Amino acid sequence: MLETITDLSVLRERVRQWKREGHRVGFVPTMGNLHAGHYSLVMLARQYADRVVSSVFVNPTQFGPNEDFTRYPRTVETDKTGLEGAGCDVLWLPTVESMYPFGVELASNVHVPGVSSVLEGEFRPGHFDGVCTVVSRLFNQVQPDVAAFGKKDYQQLAVVRQLVTDLAFPIEIIGGSIVREADGLAMSSRNQYLGAEERPRAAEIHRTLLDLRDGWSAGRPRAEIEAAASGRLAKAGFAVDYATIRRPDLSEPADGEKGAKVALIAARLGRTRLIDNLEF
Ligand code: PAF
(Lines give C-alpha, C1' and ligand atoms only; values in the text may rest on other atoms or scores of the structure.)
Protein backbone atom coordinates (compact mmCIF):
# COMPACT_ATOMS: atom_id res chain seq x y z
CA MET A 1 0.00 0.00 0.00
CA LEU A 2 1.51 3.33 -1.08
CA GLU A 3 1.74 5.97 1.66
CA THR A 4 1.81 9.60 0.55
CA ILE A 5 3.85 11.89 2.83
CA THR A 6 3.86 15.68 2.58
CA ASP A 7 5.49 16.50 5.94
CA LEU A 8 9.27 16.21 6.30
CA SER A 9 9.16 15.12 9.95
CA VAL A 10 6.82 12.24 9.02
CA LEU A 11 9.13 11.20 6.18
CA ARG A 12 12.16 11.27 8.48
CA GLU A 13 10.36 9.17 11.09
CA ARG A 14 9.25 6.60 8.50
CA VAL A 15 12.79 6.22 7.13
CA ARG A 16 14.27 6.09 10.67
CA GLN A 17 11.79 3.33 11.56
CA TRP A 18 12.75 1.30 8.46
CA LYS A 19 16.45 1.69 9.27
CA ARG A 20 15.86 0.64 12.90
CA GLU A 21 14.23 -2.49 11.50
CA GLY A 22 17.36 -3.13 9.46
CA HIS A 23 15.87 -2.24 6.08
CA ARG A 24 17.84 -0.77 3.19
CA VAL A 25 16.13 2.26 1.65
CA GLY A 26 15.96 2.95 -2.09
CA PHE A 27 14.99 6.26 -3.68
CA VAL A 28 13.72 7.34 -7.10
CA PRO A 29 13.48 11.12 -7.51
CA THR A 30 11.07 12.29 -10.22
CA MET A 31 9.19 15.32 -11.43
CA GLY A 32 6.01 13.27 -11.83
CA ASN A 33 3.91 12.56 -14.91
CA LEU A 34 5.29 9.08 -14.55
CA HIS A 35 5.62 6.51 -17.32
CA ALA A 36 7.05 3.02 -17.77
CA GLY A 37 10.60 4.44 -17.60
CA HIS A 38 10.02 5.76 -14.08
CA TYR A 39 8.28 2.58 -12.96
CA SER A 40 11.24 0.52 -14.21
CA LEU A 41 13.45 2.65 -11.91
CA VAL A 42 11.20 1.89 -8.93
CA MET A 43 11.45 -1.82 -9.75
CA LEU A 44 15.22 -1.49 -10.15
CA ALA A 45 15.52 0.28 -6.79
CA ARG A 46 13.53 -2.56 -5.22
CA GLN A 47 16.23 -4.99 -6.35
CA TYR A 48 18.77 -3.04 -4.26
CA ALA A 49 16.58 -2.07 -1.30
CA ASP A 50 13.85 -3.39 1.02
CA ARG A 51 11.80 -0.19 0.97
CA VAL A 52 11.44 2.36 -1.83
CA VAL A 53 10.62 6.07 -1.64
CA SER A 54 9.83 8.03 -4.78
CA SER A 55 9.48 11.82 -4.85
CA VAL A 56 7.35 13.92 -7.16
CA PHE A 57 8.51 17.52 -7.26
CA VAL A 58 8.55 19.79 -10.30
CA ASN A 59 11.70 21.67 -9.38
CA PRO A 60 11.53 25.34 -10.42
CA THR A 61 15.30 25.92 -10.14
CA GLN A 62 16.22 23.53 -12.96
CA PHE A 63 14.05 25.24 -15.59
CA GLY A 64 15.34 28.21 -17.57
CA PRO A 65 13.22 31.38 -17.89
CA ASN A 66 11.84 30.35 -21.30
CA GLU A 67 11.41 26.68 -20.50
CA ASP A 68 8.32 24.61 -19.74
CA PHE A 69 8.07 24.88 -15.90
CA THR A 70 4.47 26.13 -15.86
CA ARG A 71 3.18 23.75 -18.53
CA TYR A 72 5.12 20.71 -17.23
CA PRO A 73 2.39 18.06 -16.81
CA ARG A 74 1.25 17.48 -13.21
CA THR A 75 -0.65 14.20 -12.82
CA VAL A 76 -0.11 13.18 -9.21
CA GLU A 77 -3.22 11.02 -8.81
CA THR A 78 -2.31 8.83 -11.80
CA ASP A 79 1.30 8.79 -10.60
CA LYS A 80 0.16 7.37 -7.24
CA THR A 81 -1.64 4.46 -8.93
CA GLY A 82 1.41 3.69 -11.06
CA LEU A 83 3.84 3.93 -8.13
CA GLU A 84 1.76 1.55 -6.08
CA GLY A 85 1.68 -0.91 -9.00
CA ALA A 86 5.47 -0.67 -9.33
CA GLY A 87 5.96 -1.54 -5.64
CA CYS A 88 6.81 1.88 -4.22
CA ASP A 89 6.25 2.21 -0.46
CA VAL A 90 6.25 5.97 0.05
CA LEU A 91 5.51 8.90 -2.24
CA TRP A 92 7.33 11.98 -0.94
CA LEU A 93 5.41 15.05 -2.12
CA PRO A 94 7.26 18.15 -0.89
CA THR A 95 5.95 21.65 -1.43
CA VAL A 96 8.12 24.42 -2.93
CA GLU A 97 8.16 26.00 0.57
CA SER A 98 9.43 22.86 2.29
CA MET A 99 12.03 22.33 -0.42
CA TYR A 100 13.26 25.93 -0.41
CA PRO A 101 12.58 27.22 3.15
CA PHE A 102 14.37 30.54 2.48
CA GLY A 103 12.68 30.90 -0.90
CA VAL A 104 14.06 30.01 -4.32
CA GLU A 105 16.03 33.29 -4.61
CA LEU A 106 17.90 32.78 -1.31
CA ALA A 107 18.43 29.05 -1.71
CA SER A 108 21.95 27.66 -1.27
CA ASN A 109 23.17 26.48 -4.64
CA VAL A 110 25.07 23.27 -5.42
CA HIS A 111 27.33 23.53 -8.46
CA VAL A 112 29.22 20.56 -9.88
CA PRO A 113 31.94 21.90 -12.20
CA GLY A 114 33.35 20.19 -15.30
CA VAL A 115 30.84 17.59 -16.40
CA SER A 116 27.97 20.09 -15.86
CA SER A 117 29.39 22.63 -18.25
CA VAL A 118 29.27 20.76 -21.59
CA LEU A 119 26.31 19.74 -23.83
CA GLU A 120 23.15 20.31 -21.73
CA GLY A 121 25.17 22.74 -19.62
CA GLU A 122 25.86 24.88 -22.73
CA PHE A 123 22.27 24.85 -23.96
CA ARG A 124 20.55 25.03 -20.56
CA PRO A 125 22.76 27.28 -18.41
CA GLY A 126 22.09 26.76 -14.71
CA HIS A 127 20.05 23.59 -15.32
CA PHE A 128 22.44 21.25 -13.54
CA ASP A 129 22.85 23.67 -10.62
CA GLY A 130 19.09 23.36 -10.13
CA VAL A 131 19.26 19.58 -10.44
CA CYS A 132 22.22 19.23 -8.04
CA THR A 133 20.63 21.59 -5.55
CA VAL A 134 17.33 19.75 -5.44
CA VAL A 135 18.92 16.29 -5.55
CA SER A 136 21.15 17.22 -2.58
CA ARG A 137 18.10 18.39 -0.64
CA LEU A 138 16.14 15.29 -1.56
CA PHE A 139 19.05 13.06 -0.50
CA ASN A 140 19.22 14.85 2.85
CA GLN A 141 15.46 14.58 3.31
CA VAL A 142 15.08 10.92 2.32
CA GLN A 143 18.53 9.66 3.43
CA PRO A 144 18.44 6.65 1.12
CA ASP A 145 21.08 3.93 0.88
CA VAL A 146 20.66 3.69 -2.87
CA ALA A 147 19.13 5.98 -5.51
CA ALA A 148 18.13 5.17 -9.11
CA PHE A 149 18.37 7.62 -12.02
CA GLY A 150 17.40 6.95 -15.64
CA LYS A 151 20.12 6.68 -18.27
CA LYS A 152 17.98 8.70 -20.66
CA ASP A 153 19.33 11.73 -18.83
CA TYR A 154 22.85 10.42 -19.37
CA GLN A 155 24.61 13.63 -18.42
CA GLN A 156 22.43 14.10 -15.33
CA LEU A 157 23.49 10.65 -14.14
CA ALA A 158 27.18 11.56 -14.69
CA VAL A 159 26.71 14.85 -12.83
CA VAL A 160 24.91 13.14 -9.92
CA ARG A 161 27.67 10.51 -9.66
CA GLN A 162 30.26 13.30 -9.40
CA LEU A 163 28.12 15.16 -6.84
CA VAL A 164 27.77 12.08 -4.65
CA THR A 165 31.50 11.29 -4.77
CA ASP A 166 32.58 14.89 -4.24
CA LEU A 167 30.22 15.68 -1.36
CA ALA A 168 30.58 12.18 0.13
CA PHE A 169 26.88 11.33 0.18
CA PRO A 170 26.76 7.75 1.56
CA ILE A 171 24.48 6.70 -1.30
CA GLU A 172 24.97 4.11 -4.05
CA ILE A 173 23.85 5.49 -7.42
CA ILE A 174 22.41 3.09 -9.98
CA GLY A 175 21.51 3.86 -13.60
CA GLY A 176 18.34 2.41 -15.13
CA SER A 177 18.13 1.45 -18.82
CA ILE A 178 16.25 3.68 -21.24
CA VAL A 179 12.71 2.46 -21.92
CA ARG A 180 11.63 3.00 -25.54
CA GLU A 181 8.38 3.06 -27.47
CA ALA A 182 8.00 0.43 -30.24
CA ASP A 183 9.46 2.83 -32.85
CA GLY A 184 12.52 3.60 -30.70
CA LEU A 185 11.44 6.93 -29.21
CA ALA A 186 12.75 7.13 -25.64
CA MET A 187 9.93 7.49 -23.13
CA SER A 188 9.72 11.00 -21.70
CA SER A 189 7.07 13.12 -20.04
CA ARG A 190 7.76 15.71 -22.74
CA ASN A 191 6.70 13.34 -25.56
CA GLN A 192 3.10 14.32 -24.90
CA TYR A 193 3.87 17.85 -26.11
CA LEU A 194 4.40 16.37 -29.59
CA GLY A 195 1.63 16.98 -32.11
CA ALA A 196 0.10 14.03 -34.01
CA GLU A 197 2.17 14.86 -37.07
CA GLU A 198 5.39 15.33 -35.03
CA ARG A 199 5.16 12.12 -33.01
CA PRO A 200 6.21 9.65 -35.79
CA ARG A 201 9.04 12.00 -36.83
CA ALA A 202 10.39 12.04 -33.25
CA ALA A 203 11.63 8.45 -33.69
CA GLU A 204 14.19 9.86 -36.13
CA ILE A 205 16.30 10.68 -33.07
CA HIS A 206 16.81 7.03 -32.23
CA ARG A 207 17.54 6.13 -35.86
CA THR A 208 20.13 8.93 -35.95
CA LEU A 209 21.76 7.62 -32.76
CA LEU A 210 22.12 4.24 -34.50
CA ASP A 211 23.74 6.06 -37.48
CA LEU A 212 26.21 7.78 -35.14
CA ARG A 213 27.15 4.44 -33.58
CA ASP A 214 27.47 2.68 -36.94
CA GLY A 215 29.53 5.51 -38.44
CA TRP A 216 31.94 5.41 -35.50
CA SER A 217 32.17 1.59 -35.63
CA ALA A 218 32.98 1.85 -39.35
CA GLY A 219 35.95 4.09 -38.46
CA ARG A 220 34.66 7.30 -40.04
CA PRO A 221 35.92 10.66 -38.69
CA ARG A 222 33.80 12.01 -35.82
CA ALA A 223 33.25 15.43 -37.40
CA GLU A 224 31.89 13.82 -40.57
CA ILE A 225 29.52 11.47 -38.69
CA GLU A 226 28.25 14.26 -36.45
CA ALA A 227 27.62 16.59 -39.40
CA ALA A 228 25.69 13.83 -41.19
CA ALA A 229 23.62 13.19 -38.05
CA SER A 230 22.74 16.87 -37.65
CA GLY A 231 21.87 17.01 -41.36
CA ARG A 232 19.58 13.98 -41.10
CA LEU A 233 17.75 15.53 -38.13
CA ALA A 234 17.48 18.95 -39.78
CA LYS A 235 15.99 17.29 -42.89
CA ALA A 236 13.34 15.71 -40.65
CA GLY A 237 12.45 19.17 -39.30
CA PHE A 238 14.48 19.27 -36.07
CA ALA A 239 16.43 22.25 -34.75
CA VAL A 240 19.53 20.47 -33.50
CA ASP A 241 21.36 21.52 -30.33
CA TYR A 242 23.91 18.72 -30.58
CA ALA A 243 24.40 15.29 -32.15
CA THR A 244 27.70 13.98 -30.89
CA ILE A 245 29.88 11.04 -29.86
CA ARG A 246 31.61 11.27 -26.49
CA ARG A 247 33.54 9.18 -24.02
CA PRO A 248 31.46 8.00 -21.02
CA ASP A 249 32.77 11.02 -19.06
CA LEU A 250 31.48 13.23 -21.91
CA SER A 251 34.94 14.34 -23.05
CA GLU A 252 35.63 14.34 -26.79
CA PRO A 253 37.27 11.19 -28.21
CA ALA A 254 40.00 11.20 -30.85
CA ASP A 255 39.06 9.68 -34.21
CA GLY A 256 39.43 5.89 -34.23
CA GLU A 257 39.94 5.70 -30.45
CA LYS A 258 38.97 2.34 -28.92
CA GLY A 259 36.79 1.88 -25.83
CA ALA A 260 33.26 2.64 -24.66
CA LYS A 261 31.48 5.59 -26.24
CA VAL A 262 28.07 7.24 -26.06
CA ALA A 263 26.15 9.01 -28.82
CA LEU A 264 24.01 11.88 -27.55
CA ILE A 265 21.38 14.03 -29.24
CA ALA A 266 19.39 17.05 -28.12
CA ALA A 267 17.02 18.52 -30.70
CA ARG A 268 13.80 20.48 -30.84
CA LEU A 269 10.77 19.46 -32.86
CA GLY A 270 8.38 22.40 -32.84
CA ARG A 271 8.08 23.47 -29.18
CA THR A 272 9.33 20.15 -27.81
CA ARG A 273 12.98 19.65 -26.86
CA LEU A 274 13.96 15.98 -26.84
CA ILE A 275 17.17 14.32 -25.60
CA ASP A 276 18.32 10.76 -26.07
CA ASN A 277 21.53 8.74 -26.13
CA LEU A 278 22.98 5.36 -27.00
CA GLU A 279 25.90 3.67 -25.25
CA PHE A 280 28.16 1.40 -27.29
O1 PAF B 1 15.28 13.61 -13.79
C2 PAF B 1 14.43 14.30 -13.21
O3 PAF B 1 13.22 14.02 -13.28
C4 PAF B 1 14.86 15.50 -12.38
O5 PAF B 1 15.93 16.14 -12.98
C6 PAF B 1 15.17 15.14 -10.92
C7 PAF B 1 16.35 14.18 -10.80
C8 PAF B 1 13.95 14.50 -10.27
C9 PAF B 1 15.51 16.41 -10.13
O10 PAF B 1 14.46 17.31 -10.14
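The values are calculated or read from the model by the stated rules, or taken from the named source; none is laboratory data. Keep in mind that what you see is a predicted model, and the values were worked out from it rather than measured. Every residue, glycine as well, gets a Cβ built from its backbone with ideal geometry; the counts of neighbours run over all protein chains shown.
When segment 107-144 is filtered for residues that are more than 16 Å from the ligand (Cβ to nearest atom) and either under 21 Å from N66 (Cα atoms) or in contact with a Cys (Cβ under 7 Å, 6 or more places away or on another chain) (or both), the ones remaining, listed by number, are S117, V118, E122.
State all residues of segment 1-32 that are more than 13 Å from the chain's Cα centre (by Cα) and in a loop (DSSP other than H, G, I, E, B); if no residue qualifies, say none. If you could, list the steps in order and put the result at the bottom.
Our first condition is that a residue be more than 13 Å from the chain's Cα centre (by Cα); within segment 1-32, this holds for 1-27.
Listed by number, the residues that qualify are M1, L2, T6, D7, E21, G22, H23, R24.
Scanning segment 33-65 for residues that are assigned to a loop (DSSP other than H, G, I, E, B) and within 16 Å of the ligand (Cβ to nearest atom) gives N33, L34, H35, F57, V58, N59, F63, G64.
With L185, L163, L167, L157 as the choices, which residue is within 20 Å of A266 (Cβ to Cβ) and either in contact with a Cys (Cβ under 6 Å, 6 or more places away or on another chain) or away from the ligand (no atom under 14 Å from the Cβ) (or both)?
Values: L163 fails: within 20 Å of A266 (Cβ to Cβ); L167 fails: within 20 Å of A266 (Cβ to Cβ); L157 fails: either in contact with a Cys (Cβ under 6 Å, 6 or more places away or on another chain) or away from the ligand (no atom under 14 Å from the Cβ) (or both).
Unique residue meeting the criteria: L185.
Taking the listed residues V15, V52, the one that is without any contact (Cβ under 8 Å) to a residue 60 or more places away in the chain and either surrounded by fewer than 17 Cβ atoms within 10 Å (Cβ to Cβ) or of a type in the set (V, I, T) (or both) is V52, with no other qualifying. Scanning segment 244-262 for residues that are touching a Gly at 6+ places or on another chain (Cβ under 9 Å) and part of a strand (DSSP E or B) yields one hit, I245.
Where residues in segment 244-266 are touching an Asp or Glu at 6+ places or on another chain (Cβ under 6 Å) and among the aliphatic types (A, V, I, L, M), which of them is farthest from D68 (Cα to Cα)?
Residues of segment 244-266 touching an Asp or Glu at 6+ places or on another chain (Cβ under 6 Å): 244, 262, 265-266.
Checking which are among the aliphatic types (A, V, I, L, M) leaves us with 262, 265-266.
Working: V262: 27, I265: 19, A266: 16 Å.
Among them, the one singled out is V262.
Picking from E172, E181, which residue would you name as being more than 30 Å from P101 (Cα to Cα) and either more than 14 Å from the chain's Cα centre (by Cα) or not charged (D, E, K, R) (or both)?
Values: E172 fails: more than 30 Å from P101 (Cα to Cα).
After ruling out the rest, the residue left standing is E181.
Pairs are defined by a Cβ separation below 7 Å, a sequence spacing of at least 6 or placement on different chains, a first member in segment 89-102 that is under 20 Å from E3 (Cα atoms), and a second member that is among the acidic types (D, E); the pairs so defined are D89/E3; V90/E3. Identify all residues within segment 216-228 that are within 21 Å of K258 (Cα to Cα) and either in contact (Cβ under 8 Å) with a residue 12 or more places away in the chain or surrounded by fewer than 12 Cβ atoms within 10 Å (Cβ to Cβ) (or both); write none if there are none. Hits for segment 216-228 are W216, S217, A218, G219, P221, R222, A223, E224, I225, E226.
For H23, the requirement of being more than 16 Å from the ligand (Cβ to nearest atom) and either out of contact with any Lys or Arg (no Cβ under 6 Å at 6 or more places or on another chain) or at pLDDT 95 or above (or both) is met. Would segment 102-124 turn up any residue that is farther than 24 Å from E77 by Cα, more than 17 Å from the chain's Cα centre (by Cα), of a type in the set (S, T, Y) and modelled with pLDDT of 95 or more? Looking through segment 102-124, at least one residue is farther than 24 Å from E77 by Cα, more than 17 Å from the chain's Cα centre (by Cα), of a type in the set (S, T, Y) and modelled with pLDDT of 95 or more. Screening D79, D68 for residues that are among the acidic types (D, E), in a loop (DSSP other than H, G, I, E, B) and under 19 Å from the mean Cα position of the chain (by Cα) leaves exactly one candidate, D68.
Given the criteria on the phi > 0 side of the Ramachandran plot, surrounded by 13 or more Cβ atoms within 10 Å (Cβ to Cβ) and touching a residue at least 12 places away in the same chain (Cβ under 8 Å), does G114 qualify? Yes.
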